[in-house]
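What follows is a single structure, written as structure tokens, with notes after it.
All of the numbers you see were taken from the coordinates with simple rules; none came from a lab. On a predicted model such as this, the values are computed, not experimentally measured, just so you know. Neighbour counts run over all protein chains shown; Cβ positions are idealised from the backbone, glycine included.
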Amino acid sequence: MINWDELKHIHVIRKLEAILAQWFHTDIFFVDERGQIRNGEARDLKNPLSQAFFPREKGRELLMKSIREANEKVSKSDQPHVIVSGPCGVEQALVSKISVDNDYLGCVFAYSYIDKAVPQEARARAKSAMEEWGLDPEAFDSAVSRMRVLNDGERKYFFELIDLVAQEIVTFHTEISKREERISALNNQLGTRYSYDSMIGKSKPMQELYSMLDKIKNSESTVLVQGENGTGKELIARAIHFNSPRKDAQFVTVNCSAFNENLLDSELFGHVKGSFTGAVKDKKGLFEAADRGTLFLDEIGDMSPTMQVKLLRVLQEGTLTPVGGTEQRKVDVRVVAATNKDLKEMVEQGTFREDLYYRINVINLVVPPLRDRKEDIPMLVEHFVTRGCKEKGVAMKQIAKRAMEKVFDYPWPGNIRELENEMERLIVLSGEEPRVTVDLLSQRIRDWGENAKVQGVRVAGKLKDALEELEKTMIKEGLRRTNWNKSRLAKELGISRAGLIMKVEKYGLDKRKIARGAGQAA
Ligand SMILES: Nc1ncnc2c1ncn2[C@@H]1O[C@H](COP(=O)(O)OP(=O)(O)OP(=O)(O)O)[C@@H](O)[C@H]1O
Ligand SMILES: [Mg+2]
């Protein structure tokens, strides 16, 4: 079943409708498989004949009858579209089939156009029919006069555009079904464990992470946590500490990138009175504060070479010397380090010490980015919304389905933190409303994927140009979507592979150029 209500949100379809209204004064009716109009609600009709028919009961009835008959006809046809006459008998409608895997799902009824100049007698016949139906024959007559007769070239474009509308509906429908399949497939893979301390996630990568955390529970080894920004590295470090035998001692965090070398030195190892200006008394360092506990060295990739040497010594010998001091102090600290940098590569480039790398990388945990575990998104959304509503003392809110789909599709470059912030923002913006609708989403999330589809489609200028632009946009978007699978895309677009390759060349859409373009835009 097509989700007809959603179609009005699809930019390509809206643009096509606008183009058709502007150039051909044609109205597009979406018709389901039972012959019911699915976009018939109050609308701005552009076709002189629909304007004459649609608002009157009798006229509407006649039009619906034509639509039902057209629906019958096209559903049985093996052609992508059929041409039918409208109620007056002088005007035509093009009816494009919407079918997926041979299942007939409905049609696009494009009303109306005039194929050839209407002969006087046909016009007179139509006028008297109008009178019989109790409709105004003069209004009808002037409507017919206002309609343009299409020439061959125009008719061809016109047909292509209507077929394109039907194809876009099919593409949209297929994408939605695929997404639903994907979600349900992913759901089947979900494990049973949905959280670990304050970490949430049921996805396979998270299950693996949890079982790894379980395994290292009683270990004393150093752990290196690697992952992009906002993936939860700190949460993991905490979980390691609070599940370890050291949990009753301190968990101390130090952000290595937040200090310059000298300050970091004294932060970590402490200093003795008078060792530098401002060192008015002895101060213990964080290593000592974390004695018998865990020291979390965040952003370890930002540590200077000198500090790397000092750190290595402490890790190897278990003793440290405060800044300005001479005597060595013993410490018993477990180190968990985190970074979003590729330390291995830094080692190869000589910016991170190899011996230190191997010393901290005894146990390696890689945190998957959110885009690789999208199946966790619904849970995380629920978690953040529940928590946010509680914190703000407002009643629990619902995220509208369409908004949820947008959240699901967005690639979340900022990972969980970005998702968390977005949910917080939504709770505030929705105010008293119990439902969070798609219009409240941040623009980048709302527009994700849409931009690629429609940017640059003009509604003014020559029809051919607009069609070309539309074609270019659709091919570009399609290539991206199919990951440059030209055979598949050609099939989806209903053209030959050779035809597609020609168009790709014509529009300069080869992969390398696009990649370069995307790089610039980012
Ligand atoms: N699995 C998760 N479940 C719930 N919340 C999470 C999860 N992972 C991360 N968060 C939340 O996302 C935010 C970012 O997490 P965290 O600070 O641990 O990430 P990070 O990798 O250290 O980020 P950065 O690279 O910016 O330092 C935090 O508010 C954290 O509570
Ligand atoms: Mg962090």
*By its C-alpha gyration tensor, with a ≥ b ≥ c as the square roots of the eigenvalues, how is region 249-292 shaped: rounded for a/c under 1.5, else prolate for a/b larger than b/c, else oblate?*
oblate
*So for ARG512, ARG488, fewest C-beta neighbours within 10 Å to most, what's the order?*
ARG512, ARG488
_Viscosity 1.002 mPa s, temperature 20 °C, Stokes-Einstein D of the chain from Kirkwood C-alpha radius, µm²/s_ = 76
*All aspartates and glutamates inside 17 Å of LYS472 as judged from Cα atoms, apart from same-chain residues fewer than 8 positions distant*: GLU160, ASP163, GLU168, GLU450, GLU492, GLU505, ASP510
*Scattering from the C-alpha atoms of region 4-181 alone, worked out with Debye: what is log10 I(q)/I(0) at q = 0.10, 0.16 1/Å?*
-0.37, -0.94
*Could you give me the ³J(HN,Hα) list for region 467-478, computed from phi with Karplus coefficients 6.51, -1.76, 1.60 and θ = phi - 60°, whole Hz, x at Gly and Pro?*
4, 5, 5, 5, 4, 4, 4, 5, 5, 4, 4, x
*Could you compute the FRET efficiency for ASP101 and LYS58, with r as their C-beta to C-beta distance and R0 at 56 Å, rounded to 0.05?*
0.90
*Antiparallel DSSP beta bridges within the chain, percent to nearest 5*: 55
*asked:* Could you compute Rg(Cα) / (2.2 N^0.38 Å) for region 79-195, with N its residue count?
replied: 1.66
*Using a basic spin-label model with each label point 7 Å from the Cα along Cα→Cβ, how many nm lie between ALA124 and PHE408?*
6.2
_Cut-off is 10 Å between beta-carbons; in what order do TYR113, TYR210, TYR104 appear when sorted fewest neighbours first?_
TYR104, TYR210, TYR113
*Ranking of CYS256, CYS107 by count of other Cβ atoms within 10 Å, fewest first*: CYS256, CYS107
*What FRET efficiency comes out for the pair ARG43/ARG488, r = Cβ-Cβ distance, R0 = 41 Å, nearest 0.05?*
0.70
*Helix axis angle, 233-242 relative to the chain longest principal axis, alpha carbon, degrees*: 50
*Estimated distance in nm for a label pair at GLU220 and LYS273, the labels positioned 7 Å out from Cα along Cα-to-Cβ*: 3.5
*Amide N proximity, region 251-271 versus LYS341 label position 7 Å along Cα-to-Cβ, cut-off under 20 Å*: 253-269
_Where a label projected 7 Å from the Cα of ALA139 along Cα→Cβ would reach, residues of region 52-69 with amide N under 13 Å_ = 52-61
*asked:* Less than 10 Å Cβ to Cβ from LEU370, Lys/Arg counted +1 and Asp/Glu -1: what total charge do the surrounding residues give?
replied: 0
*Return the distance in nm (one decimal) between the two label points of a simple spin-label model at ARG387 and ASN421, each offset 7 Å from Cα along Cα→Cβ.*
1.6
